[in-house]
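Heads up, the thing below is written out as structure tokens.
The values are calculated or read from the model by the stated rules, or taken from the named source; none is laboratory data. Owing to the predicted nature of the structure, the values given are computational and were not obtained by experimental measurement. Note: ideal-geometry Cβ built from the backbone for every residue, glycine included; neighbour counts use all protein chains shown. Keep in mind that these areas ignore ligands, DNA and RNA; they rest on the heavy atoms of the full protein, side chains included. Shrake-Rupley method; radii C 1.70, N 1.55, O 1.52, S 1.80 Å.
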Amino acid sequence: MIATVATIAPTQEKLLRARAASSKLALLSSEEKNALLHAIADALEAQQDSILEANHRDLERSGLEGAMRDRLLLNPERIKDVSRGVREVAVLADPIGETLAQWTKLNGIKIRKVRVPLGVIGIIYESRPNVTVDTAVLALKTGNAIVLRGGKEAALSNQRLVEVMNGVAGVPEGAIELLDSNTRETVHELIKARGLVDVIIPRGGAGLITFVTENSAVPVIETGAGNCHVFVDASADFEMADRIVINAKTQRPSVCNAAEKLLVHEKVAAEYIPRIVKKLTDAGVEVRGDHAVRSLSKDIPVGTTTEQEWYEEYLRLCIAVAVVADVQDAVTHINKYSTKHSDSIVTADEANARKFLRGVDSAAVYWNASTRFTDGGEFGFGAEMGVSTQKLHCRGPFALPELTSSKYEIIGTGQVR
């Protein structure tokens, strides 16, 4: 017996609506989808006051402080940035319908491989309201329905943002669904919804990501925590290294592409470590280090590190520093302890740079640049669904093309086998 809507649990009802919406979204033209995105951007700006009011209520009840409170915060400038990001996605090329390959067999059958939407995307994330909009518009652009399960601290902000987006004329019912964030049961329901949801994307801390990847019955695109490294090689320009290290650590310490570890070549350690430790300390960063670093830091206090800390993503103004023998030692250290997210070398030696770029097994590897560029917007994607640290389907910041699958269209003239 088929259950009526009245007897279906709230999450199940939303998933069924999303599945129904995915069929309608797949038929929208690029022009129709782009028009919806421009209308969403306009609506977000027009409804700014109500969005900020909801966000203010979230902030008041959250109890969050420092970097975590900053992740939750919305203000007029951030609303403007979010809306600008929506418009940037609207002008990007639509991957749906793109011909990936085509050929004709000797028997005259024509075969074409084309991009199609994934269907229904489930995303589980923490208290960053901008993710609600970024991921929803990427899903709409690619003809996918999306089911959002945000953090409870941002519940009112997310609810209002989803209401504004769903209020745009032409957005199919069920295209953007928001699950209850006040109970963990909705996470379990979402990751077990095989057949209704096509892919799950977890965004957040290591605990959340590990839980989802280990328990989901739905395929997962794993977005990784960011235990990111900067390696200052023997030939590094110290002024450049200072800029990169300080930016990578302090510009926004609570995000996954912030540097958490600093490695310094032993040939320049005596000169560079006292210099950078002072600059980091002056910038409000807690510095920890191995024995060599502590002995070289002179009169500046440096905390000790445990073995487990080298694996840790601090997500705050804290960095651990180690001395390494050479570029190969740096590569070995990074491949052992990193989360395979983003790692950078500062060097004037091209051979060492190439060895680092090829040897470090991370989604994004840098030469003379800050790890803070690992971001969909900075890569020119308009926005991002996340930063994947796995190797199958997609890796690094991913957006429109990675939200598609493919199918084959075969055209014949009556051929039989």
Review point. Accessible area per residue of the range 136-251 at 1.4 Å probe, in Å²?
Key: 34 Å²
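Measure off, as a whole percent, the carbon and sulfur share of the 1.4 Å-probe accessible area of the chain, all protein chains present. Intermediate values should be presented prior to the final figure.
Details: 9590 of 18730 Å².
Roughly 51 percent, rounded to a whole number.
Can you sort D343, D49, D361 by solvent-accessible area, 1.4 Å probe, largest first?
Values: D343 0, D49 120, D361 45 Å².
Per-residue accessible area, sorted high to low, gives D49, D361, D343.
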**Study point:** Percent RCO, i.e. relative contact order, over the chain, from Cα pairs under 8 Å lying at least 6 residues apart
**Key:** 18 percent
Exercise for review: Calculate the translational D of the range 188-323 in whole µm² s⁻¹ from Stokes-Einstein, where the hydrodynamic radius comes from the Kirkwood formula applied to all Cα pairs, the temperature is 10 °C and the viscosity 1.306 mPa s.
Suggested key: 97 µm²/s
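For the range 58-127, compute the orientation-averaged projected area of the C-alpha convex hull (one quarter of its surface), in nm². All intermediate terms of the calculation are to be shown ahead of the outcome.
On the way: hull surface 31.7 nm².
One quarter of the hull surface, i.e. the mean projection, equals 7.9 nm².
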Check your understanding: Can you pull the three principal axis extents for the Cα set of the range 1-160, in Å, largest first?
Key -> 69, 46, 27
Review point. How much of F373 can a 1.4 Å solvent probe reach, expressed as accessible area in Å² and rounded to 10?
Key: 100 Å²
Point to revise | Chain lengthening between A217 and Q12 when straightened (0.36 nm per residue, less Cα-Cα) | key: 72.3 nm
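Between R112 and H291, what length comes free when the chain is fully extended (0.36 nm per residue of separation minus the Cα-Cα distance, one decimal in nm)?
Working: separation 179, 0.36 × 179 = 64.44 nm, distance 6.06 nm.
Fully extending the segment from R112 to H291 adds 58.4 nm.
Which of K261/K391; K152/K391; K192/K340; K14/K192 have a Cα-Cα distance over 19 Å? Write down the numbers at each step before the final one.
On the way: K261/K391 23 Å; K152/K391 31 Å; K192/K340 27 Å; K14/K192 14 Å.
Result: K261/K391; K152/K391; K192/K340 exceed 19 Å.
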Exercise for review: Could you tell me which GluC sites (Glu not before Pro) in the range 51-125 are loop residues by DSSP with no more than 13 other beta carbons within 10 angstrom of their beta carbon?
Suggested key: E65
Practice item. Would you kindly compute the Cα radius of gyration of the chain and its largest Cα-Cα separation (Dmax), both in Å? Key: 23.7, 84
Point to revise | Cα gyration tensor, the range 143-186 - rounded (a/c under 1.5), prolate or oblate | key: oblate
Exercise for review: Compute the distance in nm between two label points, each set 7 Å from the Cα along the Cα-to-Cβ direction, one at E185 and one at D282.
Suggested key: 5.6 nm
Practice item. Evaluate E = 1/(1 + (r/R0)^6) for Q102 and D49, where r is the Cβ-Cβ distance and R0 equals 41 Å; express this FRET efficiency to the nearest 0.05. Key: 0.20
Review point. Given 0.36 nm per residue, what is the gain on full extension from L357 to I300 after removing their alpha carbon distance, in nm?
Key: 17.2 nm
